[in-house]
Amino acid sequence: MNVPDFFSEVALDLHQQPTTEKTVDLITEYAKTAADCNDAGIMLVHSRARIETAASTSSRVARSHELQFELDEGPCLDAIESGGSFVSSDVENDDRWPQWGPSVAELGIHSAMSVLLETRERRYGSLNLYANRRNAFDGNDLATAMIFARHASVALANAHQEAGLLTAIDARKVIGQAQGILMERFDIEADRAFDVLRRYSQNHNQKLHSVANWVVENRKLPVTDFPHTVKVELPAMPNGDIQTI
């Protein structure tokens, strides 16, 4: 493997992926080549209480991650929690994970390596590499995996940023459409229509975008058909009258 050419190809291909899902899938495939291992997976952190498997190259990778959640131990979780990297040459006899190691050895996994996925702004999760043989990873493999993880982290950051921008743009469009529907139906101004959406959002404990999307999708139905409806007052009319819907 020509290392400079390989990482150049990785950077270009990851940058071209249209979604975060496709990005993480491609990261795991390239990671297998970079570390010369049998399987790879990614754990992503969504919140302190929510970590999930975002990609895996086989069902046993997904199971090895599930076991870490169930047993509350393993190199992937340790990498995320400590911010470090973890390598095991013989998981079955590794004292750091006395329950997880023997369990994944039964799946045919005997070596594991987990490195952190992060940028200066955010910790995304861990890239996790698995091999069928013992003593599969050495210091050079770890160094390569850490370089690869930096490329992967930048790709994840770009994918998240692009997805966030597209979601924000879509939300603004939908809210504008919903405002137009309410303006026409109730003969009100744009500010008053937005206030109606905002009040529904608050009263139903729903995101503003969700309320707007419902109004757009059900434009032929009364607004009062919104799930779990409560009466919402429109802002006072110029003459002081109160409208309700």
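The values are calculated or read from the model by the stated rules, or taken from the named source; none is laboratory data. If you're wondering where the values come from, they're calculated on a predicted model, not measured in any experiment. Positions of Cβ are generated from backbone atoms using ideal geometry, with glycine treated the same way; all protein chains shown enter the neighbour counts.
Can you confirm whether segment 17-31 contains a residue that is closer than 23 Å to Asn132 by Cβ, modelled with pLDDT of 90 or more and outside any helix (DSSP H, G or I)? Checked segment 17-31: no residue is closer than 23 Å to Asn132 by Cβ, modelled with pLDDT of 90 or more and outside any helix (DSSP H, G or I).
Total residues in segment 91-108 satisfying the condition of being in a loop (DSSP other than H, G, I, E, B) and touching a strand residue (DSSP E or B) at 6+ places or on another chain (Cβ under 7 Å): the figure is 1. Answer with yes or no whether Glu217 is modelled with pLDDT under 70, of a type in the set (D, E, K, R) and over 30 Å from Arg63 (Cβ atoms). No; evaluated as a whole, the condition is false for this residue.
Being in contact with a Gly (Cβ under 6 Å, 6 or more places away or on another chain), among the aliphatic types (A, V, I, L, M), crowded, with 21+ Cβ neighbours inside 10 Å and touching a residue at least 60 places away in the same chain (Cβ under 8 Å) holds for only one residue in Val24, Val61, Val45, Val91, and it is Val61.
Residues in segment 33-58 that are of a type outside the set (Val, Ile, Thr), more than 11 Å from Leu127 (Cβ to Cβ) and not in a loop (DSSP other than H, G, I, E, B): Asp39, His46, Ser47, Arg50, Glu52, Ser56. Checking each residue in segment 115-134 for being farther than 21 Å from Arg63 by Cβ, of a type in the set (Ser, Thr, Tyr) and assigned to a strand (DSSP E or B) picks out only Tyr124. For segment 119-130, check the following and say yes or no: at least one residue is surrounded by fewer than 20 Cβ atoms within 10 Å (Cβ to Cβ), within 24 Å of His15 (Cβ to Cβ) and acidic (Asp, Glu). Yes, segment 119-130 contains at least one residue that is surrounded by fewer than 20 Cβ atoms within 10 Å (Cβ to Cβ), within 24 Å of His15 (Cβ to Cβ) and acidic (Asp, Glu).
Could you check segment 109-125 and list, in sequence order, the residues that are of a type outside the set (S, T, N, Q) and in contact with a strand residue (DSSP E or B) (Cβ under 8 Å, 6 or more places away or on another chain)? Reasoning before the result, please.
Narrowing segment 109-125 to residues of a type outside the set (S, T, N, Q): 109-110, 112-113, 115-118, 120-125.
Ile109, His110, Ala112, Met113, Val115, Leu116, Leu117, Glu118, Arg123, Tyr124, Gly125, listed by residue number.
Identify the residue in segment 194-210 that is free of Cβ contacts under 8 Å to residues at least 24 places away in the same chain and assigned to a helix (DSSP H, G or I) and, among all such residues, is surrounded by the most Cβ atoms within 10 Å (Cβ to Cβ). The extreme case among them is Leu197.
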